[in-house]
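Coordinate-derived values only; no laboratory data. Note that the structure is a prediction, hence the values are computed from the model and not measured. Backbone-built Cβ (ideal geometry, glycine too); neighbour counts: all protein chains shown.
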Amino acid sequence: MKSPISVLIIEDSDNDKELLLLELRRGGYDPEYICVKTEKEMIAALDQREWELIISDYSMPKFSGFAALKIVKDRNSDIPFILVSGTIGEELAVKAMKEGASDYLMKGNLKRLIPAIDRELKDAKIRIQSKLADAALKESELRFRVLTESAPVGIFTTDASGSTDYVNPRWSEISKLSFGEALNDGWLKAVHPDDRKKLAFNWQQSTLHNSDSKAEYRFVHPDGTEAWVIGNAVKQEDKNGNLIGYIGTVTDITERKKMEAELIVAKENAEESDRLKTAFLQNISHEIRTPLNSIVGFSRIIADTELSAETFENYATIIENSSTHLMSIIDDIIQIATIESGQEKIQDKELNVNALCSQMYDRFITNAQIQNISLSYNTALNEDEAFTISDDFKLTQVLNNLIRNALKFTKCGFVSFGYQVVGSSLKFFVEDSGIGIATEMHEKIFKRFEQVESTATRKFGGSGLGLAISKSNVELLGGRIWVESEIGKGSKFYFTIPYKPTRVIKPEIIPLEHSINDLPNNLKILIVEDEKAVDIYLSLVLKSIGEEILHAQNGIEAVAICRKRPDFDLILMDIKMPEMNGYNAVREIRKFNPDVIIIAQTAYALSGDREKSIEAGCNDYITKPINRHTLHETLRRYFSV
Ligand code: ADP
């Protein structure tokens, strides 16, 4: 069987062509050929198909072997080109080889033709294979580059020893190291110092044992931020199973880590919150029952037993104190709920911090004396400088709570409080020589329901809400609160509020405890109240100042009475009533009587009620249950003798 071969013969002599064909056939080939004599014919033949071999005469009347060779080379063609000549010598042979001919033969010695063709075809085959392999490699490299350059994960490659020789742009983005900085083991420099040693050791072990590697670690960026990554490196082996390097990926898992950490914190918070709520419920149940027991028990004794006036007074005081205590617990719970729903608001007005301290002193001095504790206070500003803008109610509540705690947790020694001016802030302090607080509780006690002693053996009572409310109040006022304390060495609570001096000299605020001798005794009063018990109570409290006290049970009745009687000095207006509520009644009354003093009284201890009452036309506002001292204090603002 002869091997088929396609041959382009460039020859002007038919005889020479036949000789060539003869030689080819003799050499075992079955040539399929075209014979051309001119450049034009040659180009047409080249365009027509692929040739496996070109055999060209050196010299022809209209063409030449060198011209033909040039055409082939200009086309970047690798077709074996054999030049055949009858005449020329060695010099031209060398030139032909230099210009790219595959071989050069003499017409008179065609014996070398077949071995030359065999050799050239073999070489051409190898060339084609290597060209294909090159092209495949180039394509695969291109694909790798496109993939790595645009990959959303970091990619790196190493040599067999584990030394980095390539990183993609995403790798640099994650680590903030440039390509050059990452090479060899430069990348290790960007690894967090705490992870570096372990990572380097594990990587070394992987390369030593030819194994894949996986690790979770952190990169530290030049600005100090950290990026968590998962690194995976897969070994690359040659045909014989020898390790030639690694290809690895680096995936940024910072966001995932952050979310994991947040979830852990959220879970811990939820568990903590659950624990606190359970402790709170047990605690609050005890806290509410204690005063309630006294109220129920002593009320029954008063109702059922004949008592001396003195015993009666004592029991009544116990009931009053227990009720006040109970109310303060309920107020705390309501306030915490308002704080948590984000509805707590600031109601700024001018207040005198010196007067506030004096009021606090008046409020607590009797208790302190009973406990045999020395109570004192310090003020830092002159009277005319002591006016600032803040929320009176909230500030009082914070001080009240801190001083109450100080007295509660102090057996003997002292409690002192006051303030200093620090920059543009007023820095209040409440110091005691009591039991003190362990350092690890210094922050916790400001969280709701947190108490140092939250077990069933609690000695001190309390709902665990006071400091949480104080913290929220102080922050709403624009300051911060903290404690310095050591177990057994007492505590010092601090809080700041902005100092916004008004520099207006104000008359001194009247201290809390006063006799009612400074109130008139001839007022014409209307009590608007649908609850019989409250109506009776108010009548008793107002008896000494009222020359005439009238009663209405709802808004409509109140408006009707006021129309007939324009001479009332004071109206105490309940807000929640049937038929017509207090707000509407006040609006009606104001239409014809702008002067009468109207004081709203409501059971909703919610912030915002004061504003609503004032907006409706009331002069002031007090919350139920009405403490007679608070009521007298309020009245003193409008009536004094
Ligand atoms: P309550 O006093 O109702 O328990 P607080 O929120 O006011 O709630 O206080 C939380 C806890 O902080 C208290 O239970 C107590 O353990 C601790 N604490 C507060 N003030 C003092 C103080 N002056 N001395 C010692 N411990 C205190």
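Here are the numbers for the structure shown:
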read-out: Potential lengthening between residue 567 and residue 1 on full extension [0.36 nm per residue; Cα-Cα distance subtracted]; value: 189.8 nm
read-out: Rounded if a/c under 1.5, otherwise prolate or oblate - segment 310-435, Cα gyration tensor axes; value: oblate
read-out: Cα→Cβ-extended label distance, 7 Å offset, between residue 347 and residue 320, nm; value: 2.5
read-out: Whole-angstrom gap from segment 179-257 to segment 33-69, using each part's C-alpha centre; value: 61
read-out: Pairwise FRET efficiency - residue 230 versus residue 209, Cβ, R0 = 30 Å, nearest 0.05; value: 0.90
read-out: Cα gyration tensor, segment 1-82 - rounded (a/c under 1.5), prolate or oblate; value: oblate
read-out: Qualifying lysines (Cα of each under 24 Å from Cα of residue 564; at least 8 residues distant if same chain); value: 524, 532, 543, 576, 591
read-out: Rounded FRET efficiency, nearest 0.05, which uses the C-beta distance separating residue 539 from residue 595 and R0 of 22 Å; value: 0.40
read-out: Extended-chain gain in nm, criterion 0.36 nm per residue less alpha-carbon gap, residue 614 and residue 305; value: 106.8 nm
read-out: Per-residue Cβ neighbour rank within 10 angstrom, fewest leading, 387, 201, 495, 179; value: 201, 179, 387, 495
read-out: Crossing angle, helix 392-408 versus the chain [Cα axis fit, 0-90 degrees, rounded to tens]; value: 80
read-out: In order through segment 43-55: 3J(HN,Hα) via Karplus (6.51 cos²θ - 1.76 cosθ + 1.60), integer Hz, x for Gly, Pro; value: 4, 4, 5, 5, 5, 5, 7, 8, 10, 8, 8, 10, 10
read-out: Pairwise FRET efficiency - residue 256 versus residue 636, Cβ, R0 = 51 Å, nearest 0.05; value: 0.20
read-out: Pairs of Cα atoms farther than 42 Å apart, the chain, %; value: 60
read-out: Rg(Cα) / (2.2 N^0.38 Å) computed for segment 212-365, rounded to two decimals; value: 2.21
read-out: Least to most buried among 64, 640, 491 (fewest other Cβ within 10 Å first); value: 640, 64, 491
read-out: Segment 338-359 residues near the modelled residue 500 label - backbone nitrogen below 20 Å, point 7 Å along Cα→Cβ; value: 343-357
read-out: Cross-link pairs 267/345; 40/125; 138/214; 138/176; 189/214 - those with Cα-Cα distance over 21 Å; value: 267/345; 40/125; 138/214; 138/176
read-out: Estimated vicinal HN-Hα couplings, Hz - segment 263-278 in sequence order (Karplus 6.51, -1.76, 1.60; Gly, Pro = x); value: 5, 4, 4, 4, 5, 4, 4, 5, 5, 5, 5, 5, 4, 5, 5, 4
read-out: ³J(HN,Hα), Karplus 6.51/-1.76/1.60, whole Hz, each residue of segment 114-119, x for Gly, Pro; value: 5, x, 5, 5, 3, 5
read-out: Amide H contacts under 5 Å for residue 551, placed H, 5+ residues apart; value: 527
read-out: Spin-label pair residue 78/residue 39, simplified geometry with 7 Å Cα→Cβ offset, distance in nm; value: 2.8
read-out: Rg to Rh, two decimals, where segment 124-208 supplies the alpha carbon set and Rh follows Kirkwood; value: 1.14
read-out: Packing-based exposure ordering (other Cβ within 10 Å, fewest first) of 163, 470; value: 163, 470
read-out: Distance histogram in 10 Å bins (all Cα pairs of segment 563-641, percent per bin); value: 18, 53, 27, 2
read-out: Cα-based helix-to-principal-axis angle, 65-74 vs the chain, degrees rounded to 10; value: 10
read-out: Interchain or long-range residues, amide H under 5 Å from residue 245's placed H; value: 236
read-out: Theoretical ellipticity at 222 nm over the chain - DSSP helices of four or more residues, -39500 (n - 2.57) apiece, nearest 500; value: -15000 deg cm²/dmol
read-out: 17 Å reach of a label modelled at residue 221, 7 Å along Cα-to-Cβ, counting backbone N of segment 164-182; value: 169-179
read-out: Interatomic Cα distance distribution for segment 281-380, bins of 5 angstrom, percent; value: 2, 10, 12, 13, 15, 17, 15, 9, 4, 2, 0
